[in-house]
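The values are calculated or read from the model by the stated rules, or taken from the named source; none is laboratory data. Since this is a predicted model, take the numbers as computed values, not measurements. Counting neighbours? That spans all protein chains shown, and the Cβs are built from the backbone with ideal geometry, glycine included.
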Protein chains: 2
Amino acid sequence: MASIKPSVPKGTRDFSPAEMVKRNYIFDTIKSVFRKYGYQQIETPTMENSSTLMGKYGEEGDKLIFKVLNSGDYLAKVDEQKLIERNSNSVAVAISEKALRYDLTVPFARYVVQHQNEITFPFKRFQVQPVWRADRPQRGRYREFYQCDADVVGSDSLLNEAEFIMIYDEALTKLGLKDFSIKINNRKILSGIAQAIDKSDNIIDLTVAIDKLDKIGLDGVIKELLEKGFTDADIDKLKPVILLEGNNTEKLASLREALAQSEIGLKGCDEIETVFGYIERCPLQTAKLELDITLARGLNYYTGAIFEVKTNEVNMGSIGGGGRYDDLTGMFGLKGLTGAGISFGADRIYDVLEELNLFPAGSNQTTQVLICNFDKEGELYSLPLLQRLRRNNINTELYPAGAKIKKQMEYANNKNIPYVVVVGGDEMQTGLLTFKDMASGVQEKLTADEIVAKLNRD
Amino acid sequence: MASIKPSVPKGTRDFSPAEMVKRNYIFDTIKSVFRKYGYQQIETPTMENSSTLMGKYGEEGDKLIFKVLNSGDYLAKVDEQKLIERNSNSVAVAISEKALRYDLTVPFARYVVQHQNEITFPFKRFQVQPVWRADRPQRGRYREFYQCDADVVGSDSLLNEAEFIMIYDEALTKLGLKDFSIKINNRKILSGIAQAIDKSDNIIDLTVAIDKLDKIGLDGVIKELLEKGFTDADIDKLKPVILLEGNNTEKLASLREALAQSEIGLKGCDEIETVFGYIERCPLQTAKLELDITLARGLNYYTGAIFEVKTNEVNMGSIGGGGRYDDLTGMFGLKGLTGAGISFGADRIYDVLEELNLFPAGSNQTTQVLICNFDKEGELYSLPLLQRLRRNNINTELYPAGAKIKKQMEYANNKNIPYVVVVGGDEMQTGLLTFKDMASGVQEKLTADEIVAKLNRD
């Protein structure tokens, strides 16, 4: 070979036909559920103005944003001193006005502000598009990956929170998961807990420590809290809250007791109780709904409900998460719009379905029938059948040229085509075609009519 | 407002929910036809290594490729002299290893070479993804736009060409077009014409001139040919070929006569005739198939069949095109793989459907029913109906909080929701809910059962 073997940039992936069928299955399922709940799709451009993205994800985030070089003679107007100093950051500002989408949330906020006069609020939007991060690639972490988000802005109703729970339940049930948990918490409860021990200023330290309960156990959490300046008295008060036991109703009752002096804490309990009330009227199909006050993900961001979804069938991180945030659009100057949203972790869901063997065997996205082709005569004979099957919406191929049957069977096998029709001399004479079920290996002689009828039934 | 109004980079677009429904309709229709013909979807990364893309689209093309800045301290190792000289091109090579996909063809070629050992040939793939070009934006020309391609590699059978014609016919018929033409030509015929007047070396000049027949008429074409050094005698021989008349069979007969001395020209006629033969056995639904020897698009690229699709209902450029090319993968060192492919112009098809009012009124992608919400009592009463409708796969929303009916009706109107259910005090007492058809304005009193039954029928 003359040239070097071509490759893709590190952290990016090609998706093969087989992978695309599976990925489409996941995305189509989730999208159909989003739509069922009244969420509408939008798409935003891959490139945003750098000014839209920079400064929205913290200093670390800024570094991970891929910047796009200006076109033309982009160096012409750059300050010479900056070039000589090789100041990569300040030169980047001068030579790249555009950057790749880092998540779907900031572009959505930009969208809402830009189109506020065309939007009917509450605005329920979903978005399934790739994002790019210049992270160090590692197992399960890519530089290009799809996000799959649904958000509502302009409604503070807790019905939205309840519906997010139903969306998770319905989508993951449809995907075949049989045992998963939707954990719910509320930022106001976390505030209440901090308030109850008079440590409101240390809420971050508190929640960061509690969040690790699963990993480091109670002793680890206590050790960390002591290191952060919490007292033994604080910890005595915290223990029953951290170790909250019982079902959701019992947990809520204990919490109300512990947070009796905290207005905001009780407000958080009220909100959770309202959400549980909605769910009682619309029972979930599969999900276990669990109040989990150790859940804190993205605390600085969320202001009300916090969600996280985990499968109990496979050892895997969270496969979804979200919550309520105030002031999504404030960064673009539109104040007072509250929002709430969730996200599905598509790559992880893919791995879960793969591990549990939950991808459906057949798919309407693949070829159903291959008609074999041995010579010109058979080819011409087969064309009307080919067209008839397609008119009946059966994905059908005629092998494009005469070839040995072994090669054509391999083609069918490699493409996972379930049925093969053989049209040889005998078949053309009698009109009885050989119809082979590739899975069972069973062959029958059928007329064209019978083949059409049989496949239409499938 | 505190900040400047946010915007998207020039030449890029947001797609609103209403636009997404229409775009999905187009893409889903085309994809379903690709699949019906055995084409399989792949996706390639947004970013390719610059070395994969540069040099593949000519010098002008290279300039239009968006380059992505390397992450980290990208200036550290750049040659000082280059920086001081402000040599934008050579510095770009040093500071950007990655670039945005410019079309789907080169990444596909890269894919085929990279994955050649996993691929079963003939490999029929389709791909629907955005591409980016730093073109000057203008009406109908964007810097980010979707391409929609199907290609087969590893088969020189003309059945593929015939199936591309059927794909165009089926997809555009499904989209509701009632009068469109699929023009077909063959590079070999163009070669034959040049050979017939002994001007094989001037084939580019010849075809560029002939290609303009539509726009500048015969006199214009002759003028251009004379300017390019063709003789009056050449033109006398060319005229009957350029002005070829009659149906396809008659045109082919005349061509065979004119090209009787050109082996390659006759080969081109044979190929077209074979394709027509396939189509005769699988009659087209709507398309007019026209042999058009003035068709030359991308001549340097195509080696056999050349296609172009035009609607006759709206004045619009081509809405599709393609052809056969040899040696797609040669640029990446894999020789001898022949290919053929077509492309749909999704943005133009969108404009055509819009102008002809061909987008379907309803869509399973939008909400079917809005249940109004006036107060807590009605809200709780409505939840079981909400869940029931959704379980029946009817996209349903409950307005998330109590609000005035006017506001909720506006919400339904703006989201194009066809049905509204009103649950007020009377309704709860009698169990007869007010069901309003938003299009006709007709209201009926129906039980929840009747509403479910009615919507299931739709």
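A compact table of results
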quantity: Counted residues, region A:110-130 - those being over 19 Å from the mean Cα position of the chain (by Cα) and either assigned to a helix (DSSP H, G or I) or among the polar types (S, T, N, Q) (or both); calculated: 8
quantity: The lone exception for A:E257 - which of (1) part of a helix (DSSP H, G or I); (2) more than 32 Å from the chain's Cα centre (by Cα); (3) crowded, with 18+ Cβ neighbours inside 10 Å it fails; calculated: (3)
quantity: All strands (runs of 3 or more DSSP E) inside region B:364-439 with 1 or more residues being at pLDDT 95 or above, more than 8 Å from chain A (Cβ to nearest Cβ) and loosely packed, with under 15 Cβ neighbours inside 10 Å; calculated: B:433-437
quantity: Subset of region A:339-361 (residues that are in a loop (DSSP other than H, G, I, E, B) and within 13 Å of chain B (Cβ to nearest Cβ)); calculated: none
quantity: Members of region A:196-211 that are assigned to a loop (DSSP other than H, G, I, E, B) and without any contact (Cβ under 8 Å) to a residue 60 or more places away in the chain; calculated: A:I197, A:D198, A:K199
quantity: Complete set of residues in region B:307-346 that are surrounded by fewer than 16 Cβ atoms within 10 Å (Cβ to Cβ), under 19 Å from the mean Cα position of the chain (by Cα) and among the charged types (D, E, K, R); calculated: B:E313
quantity: Pair list, Cβ under 6 Å, 6 or more apart: region B:290-302 residue farther than 20 Å from B:D326 by Cα, other residue of a type in the set (S, T, Y) and at pLDDT 90 or above; calculated: B:E290/B:S181
quantity: Condition met for B:G217 (in a loop (DSSP other than H, G, I, E, B), of a type in the set (G, A, S) and surrounded by fewer than 19 Cβ atoms within 10 Å (Cβ to Cβ)); calculated: no
quantity: Residues that are outside any helix (DSSP H, G or I), within 14 Å of another protein chain (Cβ to nearest Cβ) and closer than 13 Å to B:Y301 by Cα, drawn from region B:315-336; calculated: B:R324, B:D327
quantity: Scan of region B:288-314 for residues that are among the basic types (K, R) and assigned to a loop (DSSP other than H, G, I, E, B), ordered by number; calculated: B:R297
quantity: Members of region B:389-428 that are of a type in the set (K, R) and in contact with a strand residue (DSSP E or B) (Cβ under 9 Å, 6 or more places away or on another chain); calculated: B:R390, B:K415
quantity: Check on B:S181, within 14 Å of chain A (Cβ to nearest Cβ), polar (S, T, N, Q) and either over 17 Å from the mean Cα position of the chain (by Cα) or within 30 Å of B:I235 (Cβ to Cβ) (or both); calculated: no
quantity: Of all residues making up region A:159-195, the number that are of a type in the set (K, R), over 23 Å from A:D214 (Cα atoms) and part of a loop (DSSP other than H, G, I, E, B); calculated: 0
quantity: Any chance B:K77 is more than 7 Å from chain A (Cβ to nearest Cβ), closer than 30 Å to A:E80 by Cα and surrounded by fewer than 21 Cβ atoms within 10 Å (Cβ to Cβ); calculated: yes
quantity: Output for region A:95-120, where each listed residue is hydrophobic (A, V, I, L, M, F, W, C) and touching a residue at least 60 places away in the same chain (Cβ under 8 Å); calculated: A:L104, A:V106, A:F108, A:A109, A:V112, A:V113
quantity: Test: A:M47 is more than 21 Å from the chain's Cα centre (by Cα) and touching a residue at least 40 places away in the same chain (Cβ under 8 Å); calculated: no
quantity: Residue match in region A:83-100 (condition: out of contact with any Leu (no Cβ under 9 Å at 6 or more places or on another chain), part of a helix (DSSP H, G or I) and either surrounded by 21 or more Cβ atoms within 10 Å (Cβ to Cβ) or within 7 Å of chain B (Cβ to nearest Cβ) (or both)); calculated: no
quantity: Failed condition for A:R133, given (1) under 22 Å from the mean Cα position of the chain (by Cα); (2) within 24 Å of B:Y399 (Cβ to Cβ); calculated: (2)
quantity: Count - residues of region B:211-254 that are within 19 Å of B:I182 (Cα to Cα), in contact with a Leu (Cβ under 8 Å, 6 or more places away or on another chain) and of a type outside the set (K, R); calculated: 6
quantity: Hey, B:E60 without any contact (Cβ under 8 Å) to a residue 24 or more places away in the chain, over 19 Å from the mean Cα position of the chain (by Cα) and not in a loop (DSSP other than H, G, I, E, B) or not; calculated: yes
quantity: Region B:220-242: number of residues that are among the basic types (K, R), outside any helix (DSSP H, G or I) and closer than 12 Å to B:A194 by Cα; calculated: 0
quantity: Residue within region B:55-68 that is more than 9 Å from chain A (Cβ to nearest Cβ), modelled with pLDDT under 95, in contact with a helix residue (DSSP H, G or I) (Cβ under 6 Å, 6 or more places away or on another chain) and crowded, with 17+ Cβ neighbours inside 10 Å present; calculated: yes
quantity: Residues of region B:112-130 satisfying the condition of being touching a strand residue (DSSP E or B) at 6+ places or on another chain (Cβ under 8 Å) and either crowded, with 19+ Cβ neighbours inside 10 Å or under 24 Å from A:L69 (Cα atoms) (or both); calculated: B:V112, B:P122, B:F123, B:K124, B:R125, B:F126, B:Q127, B:V128, B:Q129, B:P130
quantity: Residues (assigned to a loop (DSSP other than H, G, I, E, B), out of contact with any Phe, Trp or Tyr (no Cβ under 7 Å at 6 or more places or on another chain) and in contact (Cβ under 8 Å) with a residue 60 or more places away in the chain) located in region B:137-154; calculated: B:P137, B:G140, B:Y142
quantity: Residue that is nearest to the other protein chains (Cβ to nearest Cβ) [pool: residues in region A:268-282 that are touching a residue at least 60 places away in the same chain (Cβ under 8 Å) and crowded, with 17+ Cβ neighbours inside 10 Å]; calculated: A:C282
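Residue-wise test of (1) surrounded by fewer than 20 Cβ atoms within 10 Å (Cβ to Cβ); (2) closer than 22 Å to B:I349 by Cα; (3) more than 8 Å from chain A (Cβ to nearest Cβ); (4) among the acidic types (D, E).
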residue	(1), (2), (3), (4)
B:K5	yes, no, no, no
B:F15	yes, yes, no, no
B:V21	no, yes, no, no
B:F34	no, yes, yes, no
B:Y39	no, yes, yes, no
B:E48	no, no, no, yes
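Residue by residue, here is whether (1) under 30 Å from A:K22 (Cβ atoms); (2) in contact with a helix residue (DSSP H, G or I) (Cβ under 6 Å, 6 or more places away or on another chain); (3) acidic (D, E) holds:
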| residue | (1), (2), (3) |
| --- | --- |
| A:T367 | yes, no, no |
| A:G424 | no, no, no |
| A:T430 | no, no, no |
| A:L433 | no, yes, no |
| A:G441 | yes, no, no |
| A:L446 | no, no, no |
| A:L455 | yes, no, no |
